[in-house]
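The values are calculated or read from the model by the stated rules, or taken from the named source; none is laboratory data. Note that the structure is a prediction, hence the values are computed from the model and not measured. Glycine also receives a Cβ, built like all others from the backbone with ideal geometry; neighbour counts cover every protein chain displayed.
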Amino acid sequence: MFPKSPGPACGVAFTRAVVLAGGLLASVAGAPARAAKPAPAPAEPALRLEAVLDSVRTAHGVPGLAAAVVEHGHLVAIGAAGVPYAGATRALTVHDPMHIGSCTKSMAALAIARLVEQGRIQWSTTLASAFPALMPEMLPPYRNVRLDQLLTHRGGIPAYESVDDTTLRELNSAALGANSVRSAFVERVIQEAPQHDPGATYDYSNAGYTLAAAMVESVTGKTWEYWMDEMVFAPLGLASAGMGWPADNRHADRPRGHRCTGNTGATPEPLDGTYRLGPVLGPGGDVHASIADLARYASFQLDGCEGRATRPALKPETWRRLHDDPDGAPNGYAMGWEVMPSDSGRPMLFHDGTAGTFYTRILIEPSRDLAVVIAANAGEPCGKAACEQGLTAVLARVERGRKTP
């Protein structure tokens, strides 16, 4: 379990080491095909990171590790090392999709921000107004919880930190479509006691993001999966991105997650395994994407931080809402981002993501006009350790590259 306060550790845990987010910087498969846009253009040939990543992943017993660095709108370094799963006969590449866990949350917030700008829903939309038919069952404290409060974890919504496999399978009923699964989950959650008075304080909640997605579905009449593709994956050219685990029986050669045994993560998850986050927890933690596409996504977010033009465009006030803690705290939580102080005085944006068998980390440092993404196909502790050490090693390699003609 992780502390429920932003800062040195911010995260949520499930049983069987299923974790959707957490940590602080130390110093659906088969989605519809879409045309890939080029990655952030390199100012010169990007530095290759295979050697440094291979050293780190070997030290931590991680089958595969990939990373990329963006500076000033340019891809300056990228690489992948190891294999997509233990026993694979091919090498992991920068185009292989990795599961990003709760790094999904900033993507979800971006999708909703674009819908708000289009007038399809409002930040001030409440649970009561989105689900009028559920008013008789909705506990009074939840009725005025706003969409923006759900995305900043200020809604008092139960965390759903510990969910066993059996409960996940029950919640993700195979007899229901994705939006119906979420509707049933909403009806369940709004009858559960809040963690605290809504709006009073930050309290991380996976369920809050599911409620936000269900609000969008109720107001717009279209599924959350449709809006993620329409508002995020397609316009940003994230060709590898989709919902769910990267690998399944149709895509058996894609990266598979590994659970750590001792200090290793050598046993791949079965393709036909029953463990799935599914529609019920998917909005806050169930996207996969390649490291090349994560670099593109992080570059887009960094451009928004720096006030550069983005495609799709967002209003300056929307970027501020996405990136600033709503209480103005220098060490807090915005919409899908931990907000962390830095020596420069400009906050950094950060998030970890893991659902127990992969581990991903995104860091955006506006004061240096820099973004770093790193992903391992193993969960905690080995995947987390590899990402922590790997991020530091990658930045050191980039710095050495500057000094070496």
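Details
- Check on L395, over 19 Å from H99 (Cα atoms), surrounded by fewer than 21 Cβ atoms within 10 Å (Cβ to Cβ) and at pLDDT 95 or above: yes
- Lone qualifier among L391, L322, L302, L363 - being within 26 Å of T201 (Cβ to Cβ) and part of a helix (DSSP H, G or I): L322
- For region 71-113, the set of residues classified as farther than 25 Å from T354 by Cβ and buried (at least 19 other Cβ atoms within 10 Å of the Cβ) consists of E71, V76, listed by residue number.
- Within region 349-397, the set of residues being over 16 Å from T267 (Cβ atoms) and of a type in the set (F, W, Y) comprises just one member, F350.
- Residue in region 233-252 that is at pLDDT 95 or above and acidic (D, E) present: no
- Close contacts from region 355-372, counting a first residue that is closer than 12 Å to S342 by Cα and a second that is surrounded by fewer than 24 Cβ atoms within 10 Å (Cβ to Cβ) and of a type in the set (D, E, K, R), with Cβ to Cβ under 9 Å and a gap of 6+ residues or different chains, come to E365/R346; P366/E306; P366/R346; S367/D343; S367/R346; R368/E71.
- A search for C-beta distances below 7 Å between a residue of region 47-59 that is farther than 8 Å from G82 by Cβ and any residue that is of a type in the set (A, V, I, L, M) and assigned to a helix (DSSP H, G or I), counting only pairs 6+ apart in sequence or on different chains, returns L47/V398; L49/V394; V52/A393; V52/V394; V56/A386; V56/A393.
- Filter result for the condition that a residue is at pLDDT 95 or above, touching a Ser or Thr at 6+ places or on another chain (Cβ under 8 Å) and β-branched (V, I, T), over I112, I157: I157
- The residues of region 172-224 that are under 18 Å from the mean Cα position of the chain (by Cα), part of a helix (DSSP H, G or I) and either surrounded by fewer than 24 Cβ atoms within 10 Å (Cβ to Cβ) or of a type in the set (F, W, Y) (or both), listed by number, are Y209, W224.
- Answer residue from region 327-361, given it is closer than 30 Å to R256 by Cβ and polar (S, T, N, Q) and is surrounded by the most Cβ atoms within 10 Å (Cβ to Cβ) among those: T354
- For region 258-287, the set of residues classified as out of contact with any helix residue (DSSP H, G or I) (no Cβ under 9 Å at 6 or more places or on another chain) and surrounded by 24 or more Cβ atoms within 10 Å (Cβ to Cβ) is empty.
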